[in-house]
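For reference, the structure discussed in these notes is given below.
The values are calculated or read from the model by the stated rules, or taken from the named source; none is laboratory data. In this text the structure is predicted, and so the values were computed from the model without any measurement. Quick reminder, even Gly has a Cβ in these numbers, built from the backbone with ideal geometry, and neighbours come from all protein chains shown.
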Amino acid sequence: MAGLEFFQFPTLSDNYGVLVHDPASGATASIDAPDAGDVHKALSEKGWSLTHILVTHHHWDHVQGIGDLKSENGCRVIGPADEADKIEHIDETVSDGDTFDFCGETVSCISTPGHTLGMINFHFTDSGVVFTGDTLFALGCGRIFEGDPAMMWSSMQKLMALPAETIVYCGHEYTQTNARFALSVDPDNAKLVIRAAQIDALRADGKPTLPTTIGEELDTNPFLRASDASIRKVLGMESADDAEVFAEIRKRKDNA
């Protein structure tokens, strides 16, 4: 039996949308709804019909298309329970540890507060794919708007515990800028140096840098490498705990 298909497309100024399609049933989920027109264009390109929207968090650039898409398609909207009062048109709410079935595949809900307090990441366990919204980016992580650094570090640890081969789709094309910052705190990381060059080449050709994998991020993303001795030396935080190191990295990125 054919597995799920995943189709990523650019939207807005630097967002990505992703469609998840089951060939057997014809069901299709949109991960967030950054722009109704762009989601509809992607559906038309693939010849798919929208049946679900899975919402990671309440920020406008992830939800503004929900109303139009639901009105047009009658799709089912699943989103975070802790942000249900901020997201219109939700049919079903989910919290940390909840699971639901999408066309025979289990989707596990992972609460990753920090960027927003109610952020939910969706892990398609059989496909080995996780949608991290604005929690984990390629070579970065989301700004901490509603939580605090300790909360965000805890969220990072949840994602770090996923299998290394897990494919990661996130909400924005920030990778080239993230790479430049990563090199400033982890300059001796040979894997990061190689990856940064690859990213520059992809962007020069107008190609996406996503998806990534948990393993690749563990090797090169400084926000997952708070325990690394080289990074700690650069920061002058050899004896600090991991949460403190993470907070310092996030502070430096905010001020970069």
- Task: Could you look through the range 117-163, keep only residues that are among the β-branched types (Val, Ile, Thr) and under 13 Å from the mean Cα position of the chain (by Cα), and pick out the one that is surrounded by the fewest Cβ atoms within 10 Å (Cβ to Cβ)?
- Result: Val129
- Lone unmet requirement of (1) β-branched (Val, Ile, Thr); (2) surrounded by 24 or more Cβ atoms within 10 Å (Cβ to Cβ); (3) free of Cβ contacts under 8 Å to residues at least 12 places away in the same chain for Val63: (3)
- Members of the range 204-256 that are outside any helix (DSSP H, G or I) and either of a type in the set (Asp, Glu) or more than 30 Å from Ser127 (Cβ to Cβ) (or both): Asp205, Asp228, Gly236, Met237, Glu238, Ser239, Ala240, Asp241, Asn255, Ala256
- Residues satisfying the stated conditions in the range 197-235, i.e. among the small types (Gly, Ala, Ser) and within 24 Å of Phe6 (Cβ to Cβ): Ala201, Gly206, Gly215
- Message: I need the full set of residues from the range 129-178 which are of a type in the set (Lys, Arg) and assigned to a helix (DSSP H, G or I), in order please.
- Response: Lys158
- Query: Any residue at all in the range 182-194 that is touching a Gly at 6+ places or on another chain (Cβ under 7 Å), crowded, with 21+ Cβ neighbours inside 10 Å and part of a helix (DSSP H, G or I)?
  - Reply: no
- Message: Tell me whether the range 22-32 contains one or more residues that are on the phi > 0 side of the Ramachandran plot and buried (at least 18 other Cβ atoms within 10 Å of the Cβ).
- Response: yes
- Would you point out which residue out of Asp82, Asp98 is acidic (Asp, Glu), within 20 Å of Ser154 (Cβ to Cβ) and in contact (Cβ under 8 Å) with a residue 24 or more places away in the chain? Asp82
- When the residues of the range 204-233 are filtered to those that are over 15 Å from the mean Cα position of the chain (by Cα) and surrounded by 16 or more Cβ atoms within 10 Å (Cβ to Cβ), which remaining residue is nearest to Ile194 (Cα to Cα)? Thr220
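Does Glu92 meet the test of being more than 16 Å from the chain's Cα centre (by Cα), of a type in the set (D, E, K, R) and surrounded by fewer than 16 Cβ atoms within 10 Å (Cβ to Cβ)?
Yes; evaluated as a whole, the condition is true for this residue.
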- helices (runs of 4 or more DSSP H) wholly inside the range 1-81 containing at least 1 residues that are at pLDDT 95 or above and in contact with a Lys or Arg (Cβ under 9 Å, 6 or more places away or on another chain): 60-63, 66-73
